[in-house]
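Q: The structure follows.
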Amino acid sequence: SAAYSFEGILVVSLLVICTCSYMRRVPRLKQWFLSERKGLLGVFYKASVIGTRLHVAVALTCSLMAFYVMIFK
């Protein structure tokens, strides 16, 4: 199934990074989800940091993955 393929893992990780970096821009969501830096919620904090610091690389990877999924899948 798609959940155990490399493409599925890549799509899910890109969606998590993009969602967390968006939540970092909204003050109420940032306070609610991204206040913890350890544990399970720490993963979301780290994904938001990756999304904000590497926004050009993440956007390029999202575009390439969208092209791959639409054309080759």
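Q: Take the chain, connect every pair of alpha-carbon atoms lying under 10 Å apart with a spring to form a Gaussian network, then pick out the residue of Ser13, Ser21, Ser48 with the largest mean-square fluctuation.
A: Maximum among the listed residues: Ser13.
Q: Please list, or write none, the lysines whose alpha carbon is within less than 16 Å of the alpha carbon of Lys46, excluding same-chain residues fewer than 8 places away.
A: Lys30, Lys38
Q: Solvent-accessible area per residue for region 5-72 at a 1.4 Å probe radius, Å²?
A: 76
Q: What does the charge dipole of the chain about its Cα centre add up to, to the nearest 20 debye, if the Cβ of each Lys and Arg holds +1 and the Cβ of each Asp and Glu holds -1?
A: Using Cβ point charges on Lys, Arg, Asp and Glu, the chain gives about 360 debye.
Q: Then there's this: Of the labelled options (i) 13.7; (ii) 13.0; (iii) 14.0, which one gives Kirkwood radius over Cα pairs in Å as computed for this structure?
A: Answer by label: (ii).
Q: Cut-off 10 angstrom, C-alpha nodes, Gaussian network model of the chain. Which of Leu29, Leu15, Leu40 fluctuates the most?
A: Leu40
Q: Tally up the carbon and sulfur contribution to the accessible surface of the chain as a whole percent, 1.4 Å probe, everything protein left in place.
A: Reported share for carbon and sulfur atoms: 69 percent.
Q: May I ask you to evaluate 6.51 cos²θ - 1.76 cosθ + 1.60, the Karplus curve with θ = phi - 60°, for each residue of region 32-41 and list the ³J(HN,Hα) values in order in whole Hz, giving x for glycine and proline?
A: 7, 9, 9, 7, 7, 10, 10, x, 5, 5
Q: May I ask you to evaluate 6.51 cos²θ - 1.76 cosθ + 1.60, the Karplus curve with θ = phi - 60°, for each residue of region 12-19 and list the ³J(HN,Hα) values in order in whole Hz, giving x for glycine and proline?
A: 5, 5, 5, 5, 5, 5, 5, 5
Q: Please turn the phi angles of region 55-72 into ³J(HN,Hα) values with the Karplus equation 6.51 cos²θ - 1.76 cosθ + 1.60 (θ = phi - 60°), one per residue in order, whole Hz, x for glycine and proline.
A: The phi angles translate into 4, 5, 5, 5, 5, 5, 5, 5, 5, 5, 5, 5, 4, 4, 5, 6, 8, 9 Hz.
The values are calculated or read from the model by the stated rules, or taken from the named source; none is laboratory data. Please read all numbers here as calculations on a predicted model, not as lab measurements. Cβ: placed from backbone, ideal geometry, glycine included. Neighbour counts: every protein chain shown. These accessible areas exclude ligands, DNA and RNA; they are computed on the full protein's heavy atoms, side chains included. Shrake-Rupley method; radii C 1.70, N 1.55, O 1.52, S 1.80 Å.
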